[in-house]
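Here's the structure, in structure tokens; my notes come after.
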Amino acid sequence: MEKRNNLKAWLYLAPLLILMGIFIFYPLINAFYISILEEYRPLAPGGATATGYTLSNFARILNDELFWQAIKNTFVVAFISVPISILISLVIAVSLNSIPKLKALYQTVFFLPYVTNAIAIGMAFAFMFHKDYGLINLMLSWLGIDPVNWVGNVATWWAQMGALLVYTIWGGLAFKILVFTSGLQNIDKQYYDAAKIDSASKWTVFRRITVPLLSPFILYISITSMIGALKAYRTVIGLFGERLGAQQNSMITIVAYVYKYRSAYQDVSAISYAASAAIILFFITVVFSLIQGVVSRKRVHY
Amino acid sequence: MEIKMENLTKVFVAKDKSEVRAVDNVSLTIPSGKLIGLLGPSGCGKSTTLYLLAGLLRQNDGKIYFEEDEVSNTPPEKRGIGLVFQNYALYPHMTVRENILFPLQNLKVEAELAKQKTVEMARLVGLESMLDRKPKELSGGQQQRVAIARALVKTPRVLLLDEPLSNLDARLRLQTREEIKRIQRETQITTVFVTHDQEEAMSISDEIVVMKDGVIQQMGAPQDVYDDPSNLFVAKFLGNPQINVFDGVIKGKKIYINDMVVGKSKLPDGEVLIGIRPEGFIVDQEKKSPFKFNIDLVSTIGRDTTLIVDLPSESDNILDKKSFKAIVDAMLRIQSGDEIHFIVRPEKMFLFNMEGERLE
């Protein structure tokens with residue numbers, strides 16, 4: 001009896017498992033495999049060849065200055081954009097929740113970026129950040145600030161990063177706001193009445209009632225957006241095009257680094273370098289997710 | 001502290017623009033230091049009245065005074081009230097200690113003093129040993145006491161309780177009932193609580209206020225209201241089993257039910273509604289009283305016997321059948337089928353006109 005049920009369960013799960021096997025598990029394992037192949041030539045005449053197994057691919061990219069540039073860029077994007085965008089979206093979601101009348105309209109407005117093409121938005125942003133004609137510098141000039149070269153050829157690293165961060169944060173708001181507003185709807189209104197009776201200020205209510213009761217949602221968002229930020233690529237392409245920065249590769253991210261070598265697949269071992277970088281990114285992601293899980297265990301209230 | 005409501009009115013407008021007068025021109029003075037029960041069926045406006053007092057709802061018309069202070073337009077946090085919600089609304093992510101401490105922190109009470117007060121309050125409600133638990137880890141009754149502690153810790157001018165016992169099981173309800181009364185006595189805080197359970201209201205209130213359709217029907221000490229209801233609604237709402245209502249007539253200073261004399265009245269001749277409390281029937285051992293029935297059902301529980309009598313009816317429809325209940329001494333050993341002569345105690349019999357207004 002039990003055995004037959006097991007069989008049925010496997011049968012029901014089969015479509016998903018087969019698809020996941022083909023498109024997730026196999027590539028993942030294959031990436032591990034490729035990353036340790038020596039002198040791998042995927043397109044050698046007569047079939048792919050390799051001379052043996054080695055860890056030199058990892059050594060090679062860990063000695064590559066460009067890889068460390070990618071790590072630095074990726075980490076800066078992740079560690080700055082994730083907390084700021086969570087904070088902003090939280091504030092927007094809470095404010096949205098307190099204006100019942102126009103809520104639906106604003107929700108739509110805030111959700112638009114989510115359904116708009118990232119490359120198109122990137123181009124719009126690139127123009128907004130233009131040194132001479134851009135909206136950002138125009139607004140800065142109102143405040144008496146000299147025009148900043150954000151994305152031009154001679155832009156400083158921080159100026160480029162600033163533009164990239166603004167774009168990344170803005171692009172991530174929509175989904176976060178959506179999750180937080182639905183999370184807020186799950187909080188019993190009575191806690192807010194009780195807090196009023198308990199003479200809590202608006203700030204206290206936000207800090208001591210709303211945030212803790214929303215903490216499962218905040219955890220979910222912080223993990224998913226951290227993973228998303230570590231995989232940043234689309235934003236860089238959108239804002240800077242294939243140069244990956246105002247100067248060649250100045251805003252390169254880990255995924256962009258992977259993609260660079262993947263595109264050079266004819267070269268010996270290039271695919272292995274790409275795989276090694278991808279594996280390193282995989283472990284970084286796992287480590288951060290675990291850390292977030294452990295840290296939050298004490299702070300998240302379910 | 002004395003609470004005074006003057007012509008308080010709250011109108012709710014539904015989506016289809018229809019209006020409901022949840023609280024309709026209520027004027028009421030609640031004496032200082034008393035425990036008052038707001039009583040009525042659901043939808044009678046009792047909870048609305050409570051939330052108006054709390055300031056969580058704003059009245060459309062009328063005024064509220066706490067002593068000399070007019071608080072009609074004061075926001076809830078400035079009214080100095082403690083409120084216990086129906087399902088307690090304890091902050092689930094805070095421990096009992098943090099829950100009780102929360103209002104004190106908001107009022108910027110000095111930390112040491114706040115800690116001390118929290119422990120004191122926990123002791124008052126008997127939860128000293130549970131201070132570091134989360135609400136989830138407490139029983140319903142304990143949660144309720146935390147809610148009371150949280151409401152009382154800031155020494156409010158008024159304590160408001162919204163159906164405080166409705167989420168508790170029967171045994172716990174009795175226990176907590178006593179607890180609330182004890183805490184109120186010890187703290188001497190003017191307390192208003194809302195309930196639909198007449199027994200609950202009568203057992204702990206110093207005075208009860210009976211409401212219906214947003215209008216106060218009667219206010220007074222529980223026993224006074226029970227013994228002297230001002231209308232049929234109040235008479236029916238208080239007492240378990242419910243008061244028996246008969247169609248009767250007054251003819252020549254005598255009261256008749258089904259052509260049987262049950263008492264005397266000075267009222268002019270005419271049709272009346274007669275309410276007789278179940279305990280108002282005395283079994284006439286000498287079988288002289290003309291008020292007699294064959295008993296249909298007898299149920300004896302301990303010292304009381306409840307007699308159920310179907311009243312004769314012209315209709316055969318079972319829904320038109322009327323019956324009444326009489327509670328008599330179990331020692332009489334009455335059995336179904338017996339013919340019993342009843343004497344009605346005049347003080348347990350109330351006369352109402354056909355609109356349900358009390359006569360006499």
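The values are calculated or read from the model by the stated rules, or taken from the named source; none is laboratory data. The model shown is predicted, which means the values in this text are computed figures rather than measured ones. Positions of Cβ are backbone-derived with ideal geometry, glycine not excepted, and every protein chain shown enters the neighbour counts. For the accessible areas, the whole protein counts, side chains as well, though only heavy atoms, and no ligand, DNA or RNA atoms are used. Shrake-Rupley method; radii C 1.70, N 1.55, O 1.52, S 1.80 Å.
A few notes on this one:
- Sole exception among (1) β-branched (V, I, T); (2) open to solvent by 70 Å² or more (accessible area, probe 1.4 Å); (3) at pLDDT 90 or above for B:I318, by number: (3)
- Considering residues of region A:27-45 that are in contact with a helix residue (DSSP H, G or I) (Cβ under 9 Å, 6 or more places away or on another chain) and assigned to a helix (DSSP H, G or I) only, the residue surrounded by the fewest Cβ atoms within 10 Å (Cβ to Cβ): A:N30
- Note on region A:268-298: among residues that are out of contact with any helix residue (DSSP H, G or I) (no Cβ under 8 Å at 6 or more places or on another chain) and in a loop (DSSP other than H, G, I, E, B), the one that is modelled with the lowest pLDDT is A:K298.
- In the set A:A59, A:A78, A:A48, only one residue is without any contact (Cβ under 8 Å) to a residue 40 or more places away in the chain, open to solvent by less than 70 Å² (accessible area, probe 1.4 Å) and farther than 14 Å from A:Y273 by Cβ; that residue is A:A48.
- Filter pass, B:V71 being crowded, with 17+ Cβ neighbours inside 10 Å, over 30 Å from B:R177 (Cβ atoms) and within 14 Å of chain A (Cβ to nearest Cβ): no
- Elements of type strands (runs of 3 or more DSSP E) contained in region B:165-268, each with 1 or more residues being under 25 Å from B:T306 (Cα atoms) and at pLDDT below 90: B:244-251, B:254-257, B:260-264
- Residues of region B:75-89 satisfying the condition of being facing another protein chain (nearest Cβ under 8 Å) and open to solvent by less than 40 Å² (accessible area, probe 1.4 Å): B:P76, B:I81, B:G82, B:L83, B:F85, B:A89
- Selection count, region B:90-138, where residues are of a type in the set (D, E) and facing chain A (nearest Cβ under 10 Å): 1
- Residue in region B:276-292 that is within 30 Å of the chain's Cα centre (by Cα), free of Cβ contacts under 8 Å to residues at least 60 places away in the same chain, surrounded by 12 or more Cβ atoms within 10 Å (Cβ to Cβ) and outside any strand (DSSP E or B) present: yes
- Pick from region A:205-217, criterion facing another protein chain (nearest Cβ under 10 Å) and closer than 15 Å to B:Q105 by Cβ, ranking: farthest from the chain's Cα centre (by Cα): A:V205
- Residue, farthest from B:M202 (Cα to Cα), within region B:1-44, restricted to residues that are in a loop (DSSP other than H, G, I, E, B) and acidic (D, E): B:D16
- Residue match in region B:48-56 (condition: open to solvent by 50 Å² or more (accessible area, probe 1.4 Å) and either within 21 Å of B:Q218 (Cβ to Cβ) or of a type in the set (D, E, K, R) (or both)): no
- Residue match in region A:192-202 (condition: in contact (Cβ under 8 Å) with a residue 12 or more places away in the chain, under 26 Å from the mean Cα position of the chain (by Cα) and closer than 30 Å to A:V294 by Cα): no
- Residue list for region B:126-162, filter: touching a Gly at 6+ places or on another chain (Cβ under 6 Å) and not in a helix (DSSP H, G or I): B:P156, B:R157, B:L159
- Some residue of region B:182-196 being surrounded by fewer than 22 Cβ atoms within 10 Å (Cβ to Cβ) and touching a helix residue (DSSP H, G or I) at 6+ places or on another chain (Cβ under 6 Å): no
- Considered as a group, the residues in region A:256-280 that are touching a Ser or Thr at 6+ places or on another chain (Cβ under 8 Å) and among the hydrophobic types (A, V, I, L, M, F, W, C) include one that is surrounded by the most Cβ atoms within 10 Å (Cβ to Cβ), and that residue is A:A275.
- A single entry from B:Q105, B:Q86 fulfils the requirement of being free of Cβ contacts under 8 Å to residues at least 12 places away in the same chain, of a type outside the set (V, I, T) and under 30 Å from A:P212 (Cβ atoms): B:Q105.
- For region A:218-228, the criterion of being assigned to a helix (DSSP H, G or I), more than 30 Å from A:M123 (Cα to Cα), within 14 Å of chain B (Cβ to nearest Cβ) and open to solvent by 20 Å² or more (accessible area, probe 1.4 Å) is satisfied by at least one residue.
- Restricting attention to region B:1-24, the residues that are polar (S, T, N, Q) and surrounded by 10 or more Cβ atoms within 10 Å (Cβ to Cβ) add up to 2.
- Test result for B:R123, among the charged types (D, E, K, R), open to solvent by 10 Å² or more (accessible area, probe 1.4 Å) and in contact (Cβ under 8 Å) with a residue 24 or more places away in the chain: no
- Residue match in region B:297-308 (condition: in a loop (DSSP other than H, G, I, E, B) and over 28 Å from the mean Cα position of the chain (by Cα)): no
- Identity of the residue in region A:169-204, away from every other protein chain (no Cβ under 14 Å) and open to solvent by 30 Å² or more (accessible area, probe 1.4 Å), that ends up farthest from A:G228 (Cα to Cα): A:Q185
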